[in-house]
2 protein chains.
Amino acid sequence: MQHLVPLDNLVAALSRLPGIGRRTAERMAMALVQDGRGLMRILANALLEADEGIACCERCGSVTLSGINPCDLCIKPRRDAHILCVVESPGDIMKIEQSGGFQGRYHALMGKLSPMHGTSAADLRVDKLLHRIADEGIEEVLIALGTDVESDATASYLKEVLAPRDVKISRIAFGLPAGSAIEYSDAATLARAISGRQEI
Amino acid sequence: MQHLVPLDNLVAALSRLPGIGRRTAERMAMALVQDGRGLMRILANALLEADEGIACCERCGSVTLSGINPCDLCIKPRRDAHILCVVESPGDIMKIEQSGGFQGRYHALMGKLSPMHGTSAADLRVDKLLHRIADEGIEEVLIALGTDVESDATASYLKEVLAPRDVKISRIAFGLPAGSAIEYSDAATLARAISGRQEI
């Protein structure tokens, strides 16, 4: 059978999407080829429009329209400008916004410390964070990283770097997730919930 | 948070890929936004090039370069022009070619009978199959469909439609897959292997 270079290239490009192996990419490519409703072109156009129209905010790292940079979250006067929420990625900002639990500003590190993946402190947007703390009169840095080892290491590193600054450092609470029962909780979650207990 | 139309459109387009739900599409879109190596544009270009350069052969339905239509498989003189292998989709043609077990020509139905998915006989390329049988002097039609209910229904339908024609109808064998043991076979596979037994 002849070699179909455009098909091979499509499979290779699809394989680079997160969580997509070669088999899945092949299945996707064949579905796109057979699709009679122009999905191939619809997807290509959506990608080109997103590539043109979407950017990461140069200040906080959040996803924004290319024309609105710094983003809405950075410039809205209603938001508390004295508290910065530090997250791993722009997706985390969207999640926290959806929760409605935070009204300050954000700072995405664009990664976390991970020797396994070759991410060191220099790869994170920590320099920018320090500049912002100085320039914007930040009073509190709320670290909103996950509970995995790499997040813990990143939080410790931030705590160390921020210690000399005149800024309050907090971290989001760890404990039982909403709607869960003690019965179904794992030991590590329970231990963290107990050590983080609060007076009521 | 402001509504990012290009991002929403990208998520919607990615959700239309087979096996991709909304959550996965969102994760993919965010990975594409954050990717610093131009993956968004690479994927868009691969899609556009495939859309331009890849087509389904108008004769057999196989995947081919747009400029080579009918495809290589249809025009290669070395291939046996008297036997047509009927399959569900172009992907199946690639699979059978990779097996090296067939040297005739192909005909993809572009689907199978499926009341559940609203696919009726009129949606399949059966008319074209009948024309080809008459025009190309086909002597044998080898039905290479799977073992599911819909494939069985499609095979029965084809058998009925082809019965009045002067053509041998065969179907690929069902039995134990290569390298498997009786011990690990399911009852349905074993029953089919026994009923399809051959003299040795």
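Where a number appears in this text, it was derived from the coordinates with a stated rule and is not lab data. A quick note: this is a predicted structure, and the numbers were derived from the prediction, not measured. For neighbour counting, all protein chains shown are included, and Cβ atoms are generated from backbone atoms with ideal geometry for every residue, glycine included.
What nm value, rounded to one decimal, do you get for the distance between A:Ile75 and B:Arg79 when each label is placed 7 Å out toward the C-beta?
Distance between label points: 5.9 nm.
Shape of segment A:5-55 from its Cα gyration tensor (a ≥ b ≥ c, root eigenvalues): rounded if a/c is under 1.5, otherwise prolate when a/b > b/c, or oblate?
oblate
Across peptide B:70-78, how many C-beta atoms of other chains are within 10 Å of each residue C-beta, on average? Don't jump to the answer; show the numbers that get you there.
On the way: counts 0, 3, 2, 2, 0, 0, 2, 0, 0.
That works out to 1 on average.
At B:His117, with labels set 7 Å past Cα in the Cβ direction, how many nm apart are the copies from this one, shortest first?
Between copies, matching label points for B:His117 lie 3.5 nm apart.
Hey, got the average number of other protein chain Cβ atoms within 10 angstrom for residues in B:28-36?
If you average over the peptide's residues, the count of other-chain Cβ atoms is 6.
Give me the percent of DSSP beta bridges within segment A:56-171 that run antiparallel, rounded to the nearest 5.
15
Shape call for segment A:56-98 from the C-alpha gyration tensor, a ≥ b ≥ c root eigenvalues: rounded (a/c under 1.5), prolate (a/b greater than b/c) or oblate?
oblate
Given the pairs B:Lys76/B:Lys112; B:Lys128/B:Lys168; B:Lys112/B:Lys159; A:Lys95/A:Lys159, which are separated by over 21 angstrom at their Cα positions?
Distance filter (> 21 Å) returns B:Lys76/B:Lys112; A:Lys95/A:Lys159.
Compare the Cα positions of B:Met110, B:Thr147, B:Tyr184 along the charge dipole of segment B:61-200 (+1 at Cβ of Lys, Arg; -1 at Cβ of Asp, Glu; about the Cα centre) and return the one farthest towards the positive end.
Of the options given, the answer is B:Met110.
How many angstrom lie between the Cα centre of segment A:12-48 and the Cα centre of segment B:1-40?
Cα centres, segment A:12-48 to segment B:1-40: 13 Å.
Using the basic label-point model (7 angstrom from Cα toward the beta carbon), what is the B:Lys168 to B:Arg16 distance in nanometres?
The modelled label-to-label distance comes out at 4.5 nm.
Which distances, in nm and shortest first, link the B:Ser170 label point to the same label point in every other copy, taking 7 Å along Cα→Cβ?
With the label placed 7 Å along Cα→Cβ, B:Ser170 yields 7.6 nm.
Distances in nm, one decimal, shortest first, from A:Ala188 to the same residue in every other copy, taking the label point 7 angstrom along Cα→Cβ.
So the distances to the same position in the other copies read 4.0 nm.
Tell me which trypsin sites (Lys or Arg not before Pro) from segment B:1-92 have a DSSP coil assignment and no more than 10 other beta carbons within 10 Å of their own. All intermediate terms of the calculation are to be shown ahead of the outcome.
Numbers: sites: B:Arg16, B:Arg22, B:Arg23, B:Arg27, B:Arg37, B:Arg41, B:Arg59, B:Arg78, B:Arg79; in loops: B:Arg16, B:Arg37, B:Arg59, B:Arg78, B:Arg79.
The qualifying sites are B:Arg37, B:Arg78.
Alpha carbon centre of segment A:100-166 versus segment B:74-145: separation in Å?
First find each Cα centre; the distance between them is then 59 Å.
Quantify how strongly other chains surround peptide A:18-25 by giving the mean number of their Cβ atoms within 10 Å of each of its Cβ atoms.
Counting other chains' Cβ atoms within 10 Å and averaging over A:18-25 gives 3.
Hand me the GluC sites (Glu not before Pro) from segment A:116-155 located in a DSSP loop with no more than 16 other Cβ atoms within 10 Å, in residue order please.
On the way: sites: A:Glu136, A:Glu139, A:Glu140, A:Glu150; in loops: A:Glu136, A:Glu139.
Here the sparse-neighbourhood loop sites are A:Glu136, A:Glu139.
How far, in whole Å, is the closest Cβ of chain A from the axis that maps A onto B, and which residue does it belong to?
A:Ala44, 2
Classify segment B:77-171 as rounded, prolate or oblate, taking a ≥ b ≥ c as the square roots of the eigenvalues of its Cα gyration tensor: rounded when a/c is under 1.5, otherwise prolate if a/b is larger than b/c and oblate if not.
oblate
Please report, in debye to the nearest 20, how large the charge dipole of the protein assembly as shown is about its Cα centre when each Lys and Arg carries +1 at its beta carbon and each Asp and Glu carries -1 there.
Roughly 40 debye for the protein assembly as shown.
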